[in-house]
Amino acid sequence: MKINRTALAAAASVVAVVVAGTAALAANFGILTGGGDDEVTTPRVLSTLTDEVFVDVPVEAVTETTQVTETLAYQVEGVGVVTLERAGDALGLVSVDLDSQWTYAESSLSNGFALRFSSADQVIAFTAVVVDGQVTVDVVDETPIPSTGTYDDDDSHGGSSDDDVYGDDEASYEDD
């Protein structure tokens with residue numbers, strides 16, 4: 001069992017005070033005087049402490065934590081605030097405060113997590129991971145591009161085709 005120096009010094013101080021207090025009480029009650037007469041004598045020292053005195057003092061084990069907990073908040077513009085907590089390489093989601101038109105879904109990653117924010121007309125991806133002891137956040141607009149019509153790929157659009165521009169067709173390729 002490891003006893004730290006502070007606990008040992010505190011225990012030695014308590015023992016010294018108790019011994020000195022006992023000697024003072026004994027002197028006041030006349031126990032240390034040689035006879036029963038009222039003359040004042042100097043009390044004898046009952047005990048002395050040396051460096052070789054060990055006191056068994058129960059000490060509660062102290063566990064040290066070297067990991068500092070860090071709370072981080074990220075504002076996703078137009079969406080809301082994501083609050084994270086990092087302890088070492090572990091990253092946790094504390095809270096997500098969104099504007100009323102948004103919802104989110106969460107998925108876990110090996111070193112973080114991903115959120116997907118959705119509204120009626122927009123999709124935003126939020127990824128937070130721990131890389132080399134640092135939190136890395138990535139926010140990407142994943143809104144699909146709306147189709148504005150249909151695209152027909154035939155040659156009846158009235159313009160020239162590739163065959164007309166280059167003057168060759170598939171059948172005329174020769175291997176030189």
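Laboratory data are not the source of any read-out in this text; all were calculated from the coordinates shown. None of the values given here were measured: they were computed from a predicted structure. Counting neighbours? That spans all protein chains shown, and the Cβs are built from the backbone with ideal geometry, glycine included.
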Task: Label-to-label distance, nm, for residues given as T143 and Y74 (7 Å Cα→Cβ offset) - done: 2.0 nm
TODO: Between beta-carbons, use under 14 Å as the cut-off and find the net charge around V135, counting Lys and Arg +1, Asp and Glu -1.
DONE: -4
- [ ] Apply the Karplus parameterisation 6.51 cos²θ - 1.76 cosθ + 1.60, with θ equal to phi minus 60°, to every residue of segment 117-123 and state each ³J(HN,Hα) to the nearest whole Hz, in sequence, with x for glycine and proline.
- [x] 8, 10, 10, 5, 10, 8, 10
Open item on the list: Can you give me the distance in nm between label points at S13 and Q134, each placed 7 Å from the Cα along the Cα-to-Cβ direction?
Closed with: 4.6 nm
Open item on the list: Can you give me the distance in nm between label points at S108 and A90, each placed 7 Å from the Cα along the Cα-to-Cβ direction?
Closed with: 1.2 nm
